[in-house]
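**Q** Take this structure, written in structure tokens, and hold onto it; I'll ask about it next.
The values are calculated or read from the model by the stated rules, or taken from the named source; none is laboratory data. The structure presented is a predicted model; accordingly, all values stated were derived computationally and were not measured. Please note: Cβ atoms are built from the backbone with ideal geometry, for glycine as well, and neighbour counts cover all protein chains shown. Ligands, DNA and RNA are excluded from the accessible area calculation, which covers all protein heavy atoms including side chains. Shrake-Rupley method; radii C 1.70, N 1.55, O 1.52, S 1.80 Å.
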Amino acid sequence: PPRPAGMGDVPEPCPQAPLAVLSKVELRVSCKHLLDRDTLNKSDPCVLLLMQSQGQWMEVDRSEVIKSNLNPVFAKIFTVDYYFEEVQKLRFEVYDSHGQAGVGTHDDDFLGGMECTVGQIVAQKRVTKPLFLKYGKFAGKSTITIISEEISGNNGYVELAFRAKKLDDKDLFSKSDPFLEIYRIDDDRSEQLVYRTEVVKNNLSPIWEPFKVSLNSLCSCEEKRKLRCVVWDYDSRGKHDFIGEFFTTFEEMQKAMGENKVQWDCMNPKYKIKKRNYKNSGVVVLLDLKIHRVYSFLDYIMGGCQIHFTVAIDFTASNGDPRNSCSLHYINPYQPNEYLKALVAVGEICQDYDSDKKFSALGFGARIPPKYEVSHDFAINFNPDNDECEGIQGVVESYQSCLPKIQLYGPTNVAPIISKVARVAADEERTKEASQYFILLILTDGVVTDMADTREAIVRASYLPMSIIIVGVGNADFTDMQILDGDDGVLRSPKGEPVLRDIVQFVPFREFKNVSGAATASCL
């Protein structure tokens with residue numbers, strides 16, 4: 001989207017820039033009558049979501065694997081950006097998974113695929129289509145259903161921790177293997193699966209792992225909306241035994257905040273009718289509930305936050321020797337180099353938001369005096385106690401002064417600078433005032449060495465009052481930067497944790513250096 005993460009829209013459109021995001025959309029997936037590829041058990045289906053980008057199908061995300069089930073309802077919720085005036089092609093592919101080997105892509109593992117657009121799903125809200133095998137052949141009677149829901153602006157999330165006590169024993173030779181499902185009951189009385197916990201083996205008093213769900217997904221941000229919670233005894237063949245259920249609301253759940261706990265009788269309606277002295281089939285306890293509100297950039301500004309800008313400049317050797325006219329850091333007495341052009345073009349826009357017009361200015365990837373050791377987060381004015389410069393002009397002067405004193409080196413590690421700014425933002429958030437919003441402007445030639453650490457740092461930073469603008473300088477391959485931007489899918493840490501909010505905006509400067517400053521700004 002043509003704006004920094006969470007920033008308000010700028011009215012003037014940018015040439016060659018993608019259209020502004022209208023909203024984010026959550027997609028829920030279920031299938032019916034899948035083909036049975038397994039000889040002894042039923043298929044173990046998993047759904048892959050692919051999005052077409054520049055004519056190529058790219059995997060965006062994938063669901064969990066559901067064991068032995070030809071009519072799966074997937075707990076995984078896919079989140080995609082919805083561009084109102086753009087045709088965004090999606091492809092859903094269902095595969096039979098094979099244990100540790102994961103999802104196969106062989107023809108005999110393929111259970112069927114379906115193509116549609118984001119717009120079609122959003123318009124119809126619920127789309128059911130047949131699944132097709134290769135060459136347009138129907139996959140038997142298999143169908144896939146996609147339910148869409150636009151995420152409202154007030155999209156905080158809640159962290160829940162459940163346990164159960166004295167559940168009914170459904171197994172003959174061992175104890176039950178319980179798991180919990182939470183369903184949201186919509187206005188039309190249909191039920192949407194919100195979350196499915198892990199299975200706790202052989203335990204009638206399980207403690208499930210805490211988990212996070214968005215308030216939008218849990219209760220459509222309506223505290224009184226009814227929720228149905230069901231406890232099952234897991235069966236490896238897919239025939240799970242019903243233990244019991246209870247009904248609640250998010251309003252009731254909130255009584256579990258702090259030291260309090262909330263508990264419900266887990267009821268089996270059949271037992272209640274049949275058994276005279278039936279009390280319950282166990283008790284489910286909500287041990288803890290934490291609400292986390294997610295604020296947009298505009299929320300911070302409207303709330304009176306001051307903007308603090310940090311500029312980070314790439315001084316790695318891949319930029320070329322500054323004494324060579326081909327270098328992106330070449331100091332030409334007659335005209336600014338590529339880094340200075342990008343710094344001034346973007347910085348002059350940014351400083352309008354900054355009340356004191358002071359920029360922290362850092363460098364990374366160079367050997368610095370006095371010992372000429374590599375540093376990935378040094379002050380370019382060489383004053384570690386005060387890395388601030390007076391306005392963009394001050395940053396330009398520090399950059400020009402610093403360049404002859406350092407040796408361009410490497411590797412291109414971006415994570416340390418992101419983490420450094422994130423630590424300051426976290427300290428600020430811990431103060432009750434939380435009066436500053438932090439924007440990190442990274443100028444780089446685009447080849448990142450510590451990609452895994454950078455992804456992890458961005459996911460951590462997405463929980464803080466912080467945004468990152470990455471400006472690609474020169475003509476390098478900016479594939480890594482586009483991955484960090486997350487426009488082709490939700491950015492995830494190496495462990496699979498998604499960003500809480502989209503905080504990274506990538507701009508290739510070569511596409512905008514010949515247009516006006518205002519046009520460049522609309523891309524940030």
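**Q** Check cross-link reach from K170 to the aspartates and glutamates: straight Cα distance under 17 Å, and skip same-chain residues fewer than eight apart.
**A** D233, D235, D241, E245
**Q** With a cut-off of 20 Å, note down the residues of the stretch 191-207 whose backbone N falls inside the zone around a label point 7 Å from the Cα of K495 toward its beta carbon.
**A** Output list for this probe position: 196-200, 207.
**Q** Then there is this: Compute the helix-to-body angle for 338-350: its Cα long axis versus the longest principal axis of the chain, expressed 0 to 90° and rounded to tens.
**A** 70
**Q** A follow-up question, please. Tell me, in nm to one decimal, what length is gained between Y409 and R126 on full extension, where the rule is 0.36 nm per residue of separation less the Cα-Cα distance? All intermediate terms of the calculation are to be shown ahead of the outcome.
**A** Working: separation 283, 0.36 × 283 = 101.88 nm, distance 5.40 nm.
Full extension from Y409 to R126 adds 96.5 nm.
**Q** On to the next question. Quick check: at a probe of 1.4 Å, how many percent of the accessible area of the stretch 157-292 sits on carbon and sulfur atoms? Mind dumping the intermediate values first?
**A** Details: 3470 of 7250 Å².
The value for the stretch 157-292 is 48 percent carbon and sulfur by accessible area.
**Q** Continuing with the same structure: What number comes out for accessible area per residue over the stretch 294-453 if the probe is 1.4 Å? Units Å², please. Please report the intermediate quantities before stating the final value.
**A** Working: 7560 Å² over 160 residues.
Per residue, the stretch 294-453 has 47 Å² of solvent-accessible surface.
**Q** Under 5 Å between amide H atoms, partner at least 5 residues away or on a different chain: which partners does K358 have, H built in plane at 1.01 Å?
**A** Residues meeting the amide H criterion: G391.
**Q** Which value, in debye to the nearest 20, describes the size of the charge dipole of the stretch 23-151 about its Cα centre when Lys and Arg Cβ atoms bear +1, Asp and Glu Cβ atoms bear -1, and nothing else is charged?
**A** Approximately 440 debye in magnitude.
**Q** Turning to a different aspect of this structure: Helix 451-461 against the longest principal axis of the chain: what's the angle in degrees, Cα atoms only, rounded to the nearest 10?
**A** The angle comes out near 80 degrees.
**Q** What spacing in nm lies between the two simple spin-label points modelled at I207 and S355, each 7 Å away from Cα in the Cβ direction?
**A** 4.6
**Q** Nearest 10 degrees, 0 to 90: what angle lies between the long axis of helix 415-430 and the longest principal axis of the chain (Cα atoms)?
**A** The two axes meet at around 70 degrees.
**Q** So if we plug the beta-carbon distance of R367 and D265 into 1/(1 + (r/R0)^6) with R0 = 60 Å, what FRET efficiency do we get, rounded to 0.05? Mind showing how you got there, number by number?
**A** Details: r = 67 Å, r/R0 = 1.12.
Taking R0 as 60 Å, the efficiency between R367 and D265 is 0.35.
**Q** How large a share of the accessible area of the stretch 23-151, in percent, is made up of carbon and sulfur atoms when the probe is 1.4 Å and the other protein chains stay in place? Don't skip to the answer; put the middle values down first.
**A** Values: 3270 of 6480 Å².
C and S fraction of accessible area: 50 percent.
**Q** When the chain is fully extended, how far beyond the present Cα-Cα distance does R293 get from R228, taking 0.36 nm per residue of separation? Intermediate values should be presented prior to the final figure.
**A** Working: separation 65, 0.36 × 65 = 23.40 nm, distance 2.39 nm.
Between R293 and R228, full extension yields an extra 21.0 nm.
**Q** For a quick check: with amide H placed at 1.01 Å from N, whose amide H comes under 5 Å from Y437's, ignoring anything fewer than 5 positions away on the same chain?
**A** Excluding prolines and chain starts, which carry no amide H, the hits are Q306, I307, H308.
**Q** Here are some pairs, K165/K495; K24/K212; K42/K274; K125/K290; K357/K405; K175/K239; which of them have Cα atoms lying more than 23 Å apart in this structure? It would help to have the intermediate numbers written out before the result.
**A** Working: K165/K495 31 Å; K24/K212 18 Å; K42/K274 34 Å; K125/K290 30 Å; K357/K405 26 Å; K175/K239 16 Å.
In this structure, K165/K495; K42/K274; K125/K290; K357/K405 lie more than 23 Å apart at Cα.
**Q** How would you rank 387-399, 136-148, highest first, on the average number of other Cβ atoms within 10 Å across their residues?
**A** On the way: 387-399: 19.7, 136-148: 16.5.
Top of the packing list down: 387-399, 136-148.
**Q** From the P(r) of the chain, could you give the percentage of C-alpha pairs in the tail past 43 Å? Don't skip to the end; give the middle numbers.
**A** Values: 39509 of 137026 pairs.
It works out to 29 percent of all Cα pairs.
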